[in-house]
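Trainee: I have a structure I would like to understand better, so I am pasting it below and will then ask my questions one at a time.
Read-outs throughout are calculated quantities, based only on the coordinates presented, and are distinct from any laboratory measurement. Not measured: the values here are computed from a predicted model. Glycine also receives a Cβ, built like all others from the backbone with ideal geometry; neighbour counts cover every protein chain displayed.
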Amino acid sequence: MALRPDQTFLVYPSACNKKNFVCNWNTTDPYSGARVRHDEMLHNALIQLFQEHSRGRASRIRKFLREFDEEPKAIFKLILKKRPRLGKVLSQRDKLSLLWITVLSCYQKSAELLVRSGVNVNDLCNPPLDAYVEDKTPIINVLLQMFPSEWNERFAALVINAGVDLQNRDDKGRTVLHLAINRGQLELIKLMLEKGVDVNARDNTGATPLLAACSHKKADEMVPLLVRYGADVMARDMPKQENALHRLAFTRDTEHVELARFFIEQGVSLEDKEMLEHHQPIHVAALQGKNELLKLFLDHGSNVNALAKNNVTPLYLAAGSANPAVLLTLLKRGANIDARKSIEYCGARLFNGYSALHNACSIFFDDGGQNLKILVSAGANLSVTNYESLTPYAMIDRLLADDHNGDYRIRRIRRPINWNTNVDVMLRMLAIKRSNIQPPNYLIDETRIETSPRRWAYYQSCLEQIERLKARRLFRSFTLFDLLTKCHCRTAAQMWNVEFKREFEQCDLSPFPNFADDLREVYANAECRHQSMVKQEEMIEEAAYDTLPHPIVRGVVKYYACEDCDIRKIVEASRRSDSRILEI
């Protein structure tokens, strides 16, 4: 069966002169206009036929319908005698049964009447219609690809209660339970389970209904239901060998933390590796930016530096995600910021591949370069080179080209991106690094920057503005450059002085256009920390019943933990540990 576009639903024309149905995909309920009129005509014709040939008795109606199982043309002729205007609906489609025509054409009243009257609901499609409805397709499978209206769900339940074979599979090996799970139809899933559908049936990829449910946003509702009916929580698909935790981590938008906790408690392994990239669940959570799920995995023993294929770590993958909080979590838990991806090169395996900073530079988000800022603030090396002698900045240079209009565009894709992205963030960081080198010396990246007139001009203006930042004092010897480069805790300590805050609020930042937003950002962060310090001071004084001298309380608050400092200490401790291992 061909793949259908996401969030669209199968529908066939109400009437046409061609013998074959032509599949369409729509996003709205198709039951309107001509369909309703044709449905009314067909419904009335069927009622008349049932009354004439069966006198309204259910057993006779059922027998009457079964007479046409092998030869659908006969009943079409009877209907056309009653309603000749239905010719376009029936005359060119005589190879299909009447039930198939009513379902495919979305004739709701007629389809429901046929099922309630005892039509064969296990009638398989023959011949195939197209790539979406192939030979031997069960009618329930088609229903579960059509628009999920209230009628559709009610009618599908009617077909199930009428005795449809729930073990039938489509060409992908999926049962109707797989299809209902893909649609998140809880009532139908419950009905199928009550009717005895195989809860552990595998499709052609080896995925069970439970694994399919783990990939759905309604997993929290569907998984407990499946488990109650005996679903195997330890199942892994084929050939990727993903377990339930892999699937949960891949789910869009939702984290399903409590469900993941349930699987871990049931014994689902956090160390299982899928076969394609050798990712453990922690790698997938990092890649997808699932911060709460990542914390859960780490709390239950996942290795923060677990290696996937090519020595890829969770931190490397997180650097390419759109959630900076994941990076912070990994760094706090001891992730190796210097870990390098390995690569096959000229028949040899090289272990000086891309770092996390390289990866952050190769992906563009409209987030103001937050991932870059976090990594550099934590101590990532701006000058680290890979096996091709490429620095992190060189990754950006490789991807970008200056447009003749002065805009940056990504090479090959030629998609415009905002100037305020990784490019300018990296240039400002390099300028700050250059200004801190004593004695002044060229950086390895400056040769590359010079090849772009716009980037070189921006970089030079950054260097000039940095000199002015160093000269502009805010309070005593504390300068704007200190505000820009020192840890937030150092700036927050200055805020006990009202003069410092007043000086910044009155400071004209127009001479520093490249750094103005950064200055406001770091000041705001420092102010948040200062407010936390004020609250800490109040709590200490309250706990001590205001008996401690104020200078002592203020001195204690100075030791209030700083997240940025803690991360840098953890990174340095990790580096020292790695260096000792190398010496051994």
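Trainee: What residues from region 163-187 fall in the zone where the backbone N is under 17 Å from a label point 7 Å along the Cα-to-C-beta line of Asp232?
Mentor: Within reach of a label on Asp232: 174-175, 178.
Trainee: While we're on this one: Can you tell me, using C-alpha contacts under 8 Å and at least 6 residues apart, the relative contact order of region 1-165 as a whole percent?
Mentor: Here the relative contact order equals 29 percent.
Trainee: I would also like to ask the following. What is the distance, in nm, between label points placed 7 Å from the Cα along the Cα-to-Cβ direction at Asn352 and at Lys136?
Mentor: About 5.9 nm separates the two model spin labels.
Trainee: Something else now. Determine how many Å³ per residue the convex hull of the Cα atoms of region 102-155 encloses.
Mentor: 75
Trainee: Something else: Choose one of Asn152, Val103, Ile75: the residue whose Cα lies farthest towards the positive end of the charge dipole of region 1-165 (beta-carbon charges +1 Lys, Arg; -1 Asp, Glu; about the Cα centre).
Mentor: Ile75
Trainee: Next up: With labels modelled as points extended 7 Å from the Cα through the Cβ direction, what inter-label distance (nm, one decimal) is found for Ser32 paired with Arg55?
Mentor: 4.5
Trainee: Return the FRET efficiency for the residue pair Thr547, Arg490: r is the Cβ-Cβ distance, R0 is 41 Å, and the value is rounded to the nearest 0.05.
Mentor: 0.85
Trainee: What order do you get for Phe351, Phe297, Phe478 when you list them from fewest to most C-beta neighbours inside 10 Å?
Mentor: Sorted ascending by nearby Cβ count, the order is Phe351, Phe478, Phe297.
Trainee: Going by C-beta contacts inside 10 Å, put Asp253, Asp170 in order with the fewest on the left.
Mentor: In increasing order of surrounding Cβ atoms, one gets Asp253, Asp170.
Trainee: Right, another one. Roughly how compact is region 177-320, stated as its Cα Rg over 2.2 N^0.38 Å to two decimals?
Mentor: This ratio for region 177-320 stands at 1.03.
Trainee: Under 5 Å between amide H atoms, partner at least 5 residues away or on a different chain: which partners does Arg174 have, H built in plane at 1.01 Å?
Mentor: Asn204
Trainee: Helix-derived [θ] at 222 nm for the chain: sum -39500 (n - 2.57) over DSSP H runs of at least 4, divide by residue count, nearest 500?
Mentor: Helices in the chain give a 222 nm mean residue ellipticity of -15000 deg cm²/dmol.
Trainee: Assuming a ≥ b ≥ c are the square roots of the Cα gyration tensor eigenvalues, decide whether region 475-584 counts as rounded (a/c under 1.5), prolate (otherwise, with a/b larger than b/c) or oblate.
Mentor: In terms of gyration-tensor shape, oblate.
Trainee: Where Rh is the Kirkwood radius over the Cα pairs of region 303-347, the temperature 37 °C and the viscosity 0.692 mPa s, what D in µm²/s does Stokes-Einstein return?
Mentor: Here the translational diffusion coefficient equals 296 µm²/s.
Trainee: A further question on this structure: Helix 453-471: angle to the longest alpha-carbon principal axis of the chain, degrees 0 to 90, nearest 10?
Mentor: That helix lies at roughly 50 degrees to the long axis.
Trainee: Here are some values of Cα Rg over 2.2 N^0.38 Å: [x] 1.28; [y] 1.21; [z] 1.34. Which one was computed from this structure?
Mentor: [z]
Trainee: Further question: Positive end of the dipole of the chain, charges at C-beta (+1 Lys, Arg; -1 Asp, Glu), about the Cα centre: which of Ala308, Leu143, Leu114 has its Cα farthest in that direction?
Mentor: Highest projection toward the positive end goes to Leu114.
Trainee: Ok, one more. Kindly state, to the nearest 0.05, the FRET efficiency for Ala162 paired with His300, given R0 = 41 Å and r defined as their beta-carbon distance.
Mentor: E(calc), rounded to 0.05, equals 0.30.
Trainee: Taking R0 as 30 Å, what's the FRET efficiency between Ser461 and Asp338 from their Cβ-Cβ distance, rounded to 0.05?
Mentor: My answer for the efficiency is 0.45.
Trainee: Would you mind checking the tilt of helix 34-54 against the longest principal axis of the Cα atoms of the chain, expressed as 0 to 90 degrees and rounded to 10?
Mentor: 40
Trainee: Next question, about the same structure. Taking other Cβ within 10 Å of each residue's Cβ, how do Ser383, Ser377, Ser59, Ser574 sort, fewest first?
Mentor: With the sparsest Cβ surroundings first, the list reads Ser59, Ser383, Ser377, Ser574.
Trainee: Round to a whole angstrom and tell me the spacing of the C-alpha centers of region 261-277 and region 452-528.
Mentor: Rounded to whole Å, the Cα centres lie 47 Å apart.
Trainee: In µm²/s, what is D for region 1-165 at 4 °C and 1.567 mPa s, where D = kT/(6 pi eta Rh) by Stokes-Einstein and Rh is the Kirkwood radius from Cα pairs?
Mentor: Answer, rounded: 81 µm²/s.
Trainee: If you keep only loop residues by DSSP, which trypsin sites (Lys or Arg not before Pro) in region 250-355 have at most 14 other Cβ atoms within 10 Å of their Cβ?
Mentor: In loop regions of region 250-355 (DSSP not H, G, I, E or B), the sparsely surrounded trypsin sites (Lys or Arg not before Pro) are Arg252.
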